[in-house]
Amino acid sequence: MRWFAGAVAAVALSLSAGAASAAEVVKIGLIADFTGAFAVWGTQFQHAIEAYQAIHGKTVKGPDGKDYEIQYVYRDNVSAGPDKTKQLAEELILREKVKMLAGFDLSPHAMAVADIVNQVKMPVIIMNAATASITRNSPYFIRVSMTIPQNVVPLAQWAYKSGIRRIYMITSDYAPGYDAANFFSKEFTKLGGQIIGADKSPQQETNFGVYMEKVLQAKPDALYMFQPAGSPSVSLVKAYTERGLKQAGIKLLGTGETEEFQMDAFNDDVIGTITSFHYTETNKTPLNVQLRATLTKLYGPKETPDIASVAAWDGTDLIYRSIAVLGPNADGDKYIDFMRHAKLNSPRGPAEIDPVERDIVQNMYIRRVEKRDGKLVNIDIDTVPMVKDPWKLENPPKSN
Amino acid sequence: MPSLSFAATIILDGISYGMVLFIISVGLTVTMGLMRLVNLAHGSFAMIGGYIAGYLTQNGYNFYLALLIASIVPGILGGLAEVTLFRPLYRKGELAQVLLTIGFVFVVTAAVTGIFGAFPYPVKFPDYLTRPLDIGFRTYPGYRLFLIVVGAIIAAVLWYVIEGSLFGARLRAAVDNPRMARAVGMNVNVLFTGTFVIGCALAGLGGAVGAGILSPEPSYALKYVVLFLVVVIVGGEGSFKGSFVAAMALGVIDTVGKYFFTEAAAYLLYAAVFVLLLWRPQGLLPPKSVA
């Protein structure tokens, strides 16, 4: 049977030679919701990553001069909560042998993997999960999205600067809504403004008539809303016009409710609404133009980027750059060390990672909804440069 | 402090909201009372109506034509579902009914997400319904007045049909005593299907006209089914008048509650239901068979 052993050896040899000539695969595990109520996150992440790879190619040259193929392994959290996330992370780390984790649309999902990644020192690129404190949960967390206070505080400053003095707040009755109400009112009153009324509305509220009556009676300069994207914010804007608040000269302020990819759900009532956000879809930076053009080419003219897209783009760019500098087998601490000092090349505009907090520092844009060429879009009217998460400034890290 | 005109506004708000609940739920009350079917799928027909109206109005069709089609299609679908899916369930237990009808909701939800996407899908109302209207002592949303008018017309027509026509007499007889109704030779099956069709058509209409308050979205059927069931139970299963009174009462309680106790409003409605049911466990105006 020697000929047989020889044949096997020859085949094995040729196989390994073949593998050596192709680029070595570096797997990145991406966990997000692809089905269920939050399905849109996973899809937007994936489309932006595919756009990035369509432009930059799938391989990156490592420090050793070899090509490495970056391969995303997608896992669906099926909108099933943190237990599922933990299970998926274990599977990706142990079975798929991924080098890094990415994704995480909801905050509890990101928090759920802290223990596991601490044990194996695996970098985690958080592409949404906006609860301010999250990056403190693990030294291996890097966030490329935003925090709620980061969005809200610049809006309060802009409101005061533009002459608004009396504000009524209607915020959604869940954790991000509390953060928004808390940080907005603190900043606005600190500047000398006045919060003359504040209501919390149930998370899925769609019947805003009564709230608008209360606002009308209070006669504020502006109404500040923080509502989940989708039917609550659409219904609020509708009630705002229908009840004559717009005609009464009460301005409407918000925090990213008017994302372009959801704008179809609004009608012209939404024109004039002013929101703050870290990404304006109409910005003309070359990277954003490139992202939009590629998405259109890959997925058709209706495909619109959102904050998930830019975060996935930036996260992928960070991953490419760290593999290029450190190769695929560096220690987790090394990757984190590289990433936390990185400046981002982002379609959103200037942004960098805060080396102490491993969280994003970025421009915040004040935008007004306008109609351009028959389409409702956000147009930048002001920029607040390089905002650091106010929550972290308020809660400095404990020195051990 | 609330003035008289403000009190009137709150009442109008409550009534217009109640009208939407009434239009959607009245079909459910009759089918639950008549067929003893625990039908959790009723909200899907309202949702289908809302999406059809949304699709047609967004594509430039006349609003009233859209309303018509938004009632006819769910009516036909309801009739088909009754004959093929629900009829075999009448003699099965409540568990089988709950399982099948909730499964139906999931199927419709997935279909709607597949066709129209995960975002809310608005109905485009005519311009004159989206503006505030001067009603003498103040301006008030034209849309809400429109809801009150539509609801009142439907209630009047239904009242006439149920109290004044032969069909209505048969319906009442079948609700009060289905076995006796069969015994005297009524074709209860045809009556069931007919009622189901009308109930689903009204749900579709309610979903379409009410889209400004309960906006069409994939989770609609599941999200609001509790409200519709509450109207039926508080009014008394099978009672047309009861569902009207209950819908108005719940609309007004919810609105007043939201104004005075905004933070607790989400619970207040259910507290009110709790008290009402303690007081009248069979509902406010139950039909004779259970009274």
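The values are calculated or read from the model by the stated rules, or taken from the named source; none is laboratory data. Here the structure is a predicted model, which is why all the values come from computation and not from measurement. Here the Cβ positions follow ideal geometry from the backbone for every residue, glycine too, while neighbour counts run over all protein chains shown.
So, B:A208, is that one under 16 Å from B:V275 (Cα atoms), in a helix (DSSP H, G or I) and away from chain A (no Cβ under 14 Å) or not?
Spelling it out, it is not the case that B:A208 is under 16 Å from B:V275 (Cα atoms), in a helix (DSSP H, G or I) and away from chain A (no Cβ under 14 Å).
Suppose we filter B:G204, B:G199, B:G235, B:G212 for residues that are within 18 Å of B:I148 (Cβ to Cβ), in contact with a helix residue (DSSP H, G or I) (Cβ under 6 Å, 6 or more places away or on another chain), in contact (Cβ under 8 Å) with a residue 40 or more places away in the chain and buried (at least 20 other Cβ atoms within 10 Å of the Cβ); which single one remains?
Details: B:G204 fails: within 18 Å of B:I148 (Cβ to Cβ); B:G199 fails: within 18 Å of B:I148 (Cβ to Cβ); B:G235 fails: within 18 Å of B:I148 (Cβ to Cβ).
Unique residue meeting the criteria: B:G212.
Can you tell me which of A:P305, A:P301 is outside any helix (DSSP H, G or I), touching an Asp or Glu at 6+ places or on another chain (Cβ under 8 Å) and at negative phi?
Result of the check over A:P305, A:P301: A:P305.
Scan segment A:359-375 residue by residue and report those that are modelled with pLDDT of 95 or more and farther than 22 Å from A:S162 by Cβ.
A:D359, A:I360, A:V361
From the list A:V98, A:V40, which one is surrounded by 18 or more Cβ atoms within 10 Å (Cβ to Cβ), on the phi < 0 side of the Ramachandran plot, assigned to a loop (DSSP other than H, G, I, E, B) and assigned by TED's automatic domain parsing to the domain that holds A:V120?
Numbers: A:V40 fails: assigned to a loop (DSSP other than H, G, I, E, B).
Going through A:V98, A:V40 in turn, just one is surrounded by 18 or more Cβ atoms within 10 Å (Cβ to Cβ), on the phi < 0 side of the Ramachandran plot, assigned to a loop (DSSP other than H, G, I, E, B) and assigned by TED's automatic domain parsing to the domain that holds A:V120: A:V98.
Report whether or not B:F125 is surrounded by 13 or more Cβ atoms within 10 Å (Cβ to Cβ), among the hydrophobic types (A, V, I, L, M, F, W, C), within 14 Å of chain A (Cβ to nearest Cβ) and part of a loop (DSSP other than H, G, I, E, B).
yes
Is there a residue being surrounded by 24 or more Cβ atoms within 10 Å (Cβ to Cβ) and of a type in the set (A, V, I, L, M) anywhere in segment B:54-65?
No, every residue in segment B:54-65 fails to be surrounded by 24 or more Cβ atoms within 10 Å (Cβ to Cβ) and of a type in the set (A, V, I, L, M).
Scan segment B:75-122 for residues that are within 11 Å of chain A (Cβ to nearest Cβ) and in contact with a helix residue (DSSP H, G or I) (Cβ under 9 Å, 6 or more places away or on another chain) and jot them down.
Once the filter is applied, which keeps residues that are within 11 Å of chain A (Cβ to nearest Cβ) and in contact with a helix residue (DSSP H, G or I) (Cβ under 9 Å, 6 or more places away or on another chain), segment B:75-122 yields B:T109, B:T113, B:F116, B:G117, B:A118, B:F119, B:P120, B:Y121, B:P122.
Determine which member of the set B:I198, B:I154, B:I148, B:I162 is of a type outside the set (S, T, Y) and either at pLDDT below 90 or farther than 29 Å from B:V123 by Cα (or both).
B:I162
Residue under question is B:R179, and the condition is that it be within 14 Å of chain A (Cβ to nearest Cβ), surrounded by fewer than 20 Cβ atoms within 10 Å (Cβ to Cβ) and farther than 30 Å from A:Q203 by Cβ; does it hold? Outline the logic, then answer.
Values: within 14 Å of chain A (Cβ to nearest Cβ): no; surrounded by fewer than 20 Cβ atoms within 10 Å (Cβ to Cβ): yes; farther than 30 Å from A:Q203 by Cβ: yes.
No; evaluated as a whole, the condition is false for this residue.
Any idea which residue in segment A:215-243 is nearest to the other protein chains (Cβ to nearest Cβ), counting only those that are over 31 Å from the mean Cα position of the chain (by Cα) and surrounded by fewer than 19 Cβ atoms within 10 Å (Cβ to Cβ)? Steps first, answer last, please.
Initially, segment A:215-243 is screened for residues over 31 Å from the mean Cα position of the chain (by Cα), giving A:215-220, A:242-243.
Still in the list and also surrounded by fewer than 19 Cβ atoms within 10 Å (Cβ to Cβ): A:217-219.
Details: A:Q217: 7, A:A218: 12, A:K219: 13 Å.
This residue is A:Q217.
Among the candidates B:I153, B:I148, which residue alone is β-branched (V, I, T), within 14 Å of chain A (Cβ to nearest Cβ) and under 22 Å from B:F22 (Cβ atoms)?
B:I148
Just to check your reading of the model, which residue among A:T85, A:T131, A:T135 is farther than 21 Å from A:K388 by Cα and crowded, with 16+ Cβ neighbours inside 10 Å?
Among A:T85, A:T131, A:T135, only A:T85 is farther than 21 Å from A:K388 by Cα and crowded, with 16+ Cβ neighbours inside 10 Å.
State whether one or more residues within segment A:196-213 are away from chain B (no Cβ under 12 Å) and within 26 Å of A:P390 (Cβ to Cβ).
So far as segment A:196-213 goes, yes, one or more of its residues are away from chain B (no Cβ under 12 Å) and within 26 Å of A:P390 (Cβ to Cβ).
Within segment B:133-172, which residues are buried (at least 17 other Cβ atoms within 10 Å of the Cβ), under 18 Å from B:F196 (Cβ atoms) and without any contact (Cβ under 8 Å) to a residue 24 or more places away in the chain?
B:R170
A quick yes/no check of all residues on (1) more than 14 Å from every other protein chain (Cβ to nearest Cβ); (2) crowded, with 23+ Cβ neighbours inside 10 Å; (3) modelled with pLDDT of 95 or more:
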{"position": "A:L252", "(1), (2), (3)": "yes, yes, yes"}
{"position": "A:Q262", "(1), (2), (3)": "no, no, no"}
{"position": "A:N267", "(1), (2), (3)": "no, no, no"}
{"position": "A:Y279", "(1), (2), (3)": "yes, yes, yes"}
{"position": "A:K284", "(1), (2), (3)": "yes, no, no"}
{"position": "A:R292", "(1), (2), (3)": "yes, no, yes"}
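How many of the residues in segment A:121-134 are modelled with pLDDT under 95 and outside any loop (DSSP other than H, G, I, E, B)?
Going through segment A:121-134 one residue at a time, the tally reaches 3.
Just one of B:V273, B:V252, B:V232 is closer than 28 Å to B:W159 by Cβ, within 14 Å of another protein chain (Cβ to nearest Cβ) and outside any loop (DSSP other than H, G, I, E, B); which is it?
One residue alone meets the criteria, B:V252.
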